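Written below as structure tokens is the structure these notes are about.
The values are calculated or read from the model by the stated rules, or taken from the named source; none is laboratory data. The structure presented is a predicted model; accordingly, all values stated were derived computationally and were not measured. Glycine gets a Cβ as well: all are built from the backbone with ideal geometry, and neighbour counts include every protein chain shown.
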Amino acid sequence: MKRCPNCGALNLFNEVECVNCGILMRSPSPAGRSDGDPGLSVRECERVNIANAQAFITLKDGAQKEVSIQNISAKGICVGAEFLLELNDEVGVTMVLPFCKEPIKRRATVSWRTMITEKLWKFGLNFGDNKIDVSSLFPQVGPPQEPV
């Protein structure tokens, strides 16, 4: 955990940018993730960092587990959790965002994961074709662009 020098927000993970104000906290690491990705890659959709947002993951057996949302994009979310999900697992996601009247629900696939500590994981959950209109949630973000 690290406090942002700009806004004082507590960042649970070793983020490149503060989840609250977006200030650069460290240089991106080329070390890669545990899914074999060699490092940072070009992103199709803009990510919006979110502070104080939660989501609930519904597992195959119907169990629900709470996670914290780190960022959201049209195609997925990055979450932190105190449990392990397997790559390519399909899960239900219910996102409770402080600025939305109703929870947002999607099906998602675990597309990547990184172990932060023995008991803390970070996951990428991909919504597939069931995108979120992020521009309606965050007016400063434009609509998703199709890859060229």
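Having 1 or more residues that are more than 17 Å from Ile132 (Cβ to Cβ) and at pLDDT 95 or above is the bar; report the strands (runs of 3 or more DSSP E) wholly within region 46-93 that clear it.
Numbers: elements: 54-58, 64-73, 76-81.
Where strands (runs of 3 or more DSSP E) fall fully within region 46-93 and carry at least 1 residues being more than 17 Å from Ile132 (Cβ to Cβ) and at pLDDT 95 or above, they are 54-58, 64-73.
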**Subset of region 104-134 [among the hydroxyl-bearing types (Ser, Thr, Tyr) and either surrounded by 14 or more Cβ atoms within 10 Å (Cβ to Cβ) or closer than 13 Å to Gln70 by Cβ (or both)]** = Thr109, Ser111, Thr114
**Fill in**
From the option list Gly22, Gly32, single residue qualifying as outside any strand (DSSP E or B), more than 23 Å from Ile132 (Cβ to Cβ) and modelled with pLDDT under 90 is Gly32
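Would you say Leu125 is within 18 Å of Asn49 (Cβ to Cβ) and either in contact with a Ser or Thr (Cβ under 8 Å, 6 or more places away or on another chain) or at pLDDT 90 or above (or both)? Let's see the steps before the verdict.
Working: within 18 Å of Asn49 (Cβ to Cβ): yes; either in contact with a Ser or Thr (Cβ under 8 Å, 6 or more places away or on another chain) or at pLDDT 90 or above (or both): yes.
Here the answer is yes, as Leu125 does meet what is asked.
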**Item:** Neighbours by Cβ (under 8 Å, 6+ apart or cross-chain): first from region 50-61, surrounded by fewer than 15 Cβ atoms within 10 Å (Cβ to Cβ); second of a type outside the set (Phe, Trp, Tyr) and not in a loop (DSSP other than H, G, I, E, B)
**Value:** Leu59/Lys65; Leu59/Val91; Lys60/Glu90; Lys60/Val91
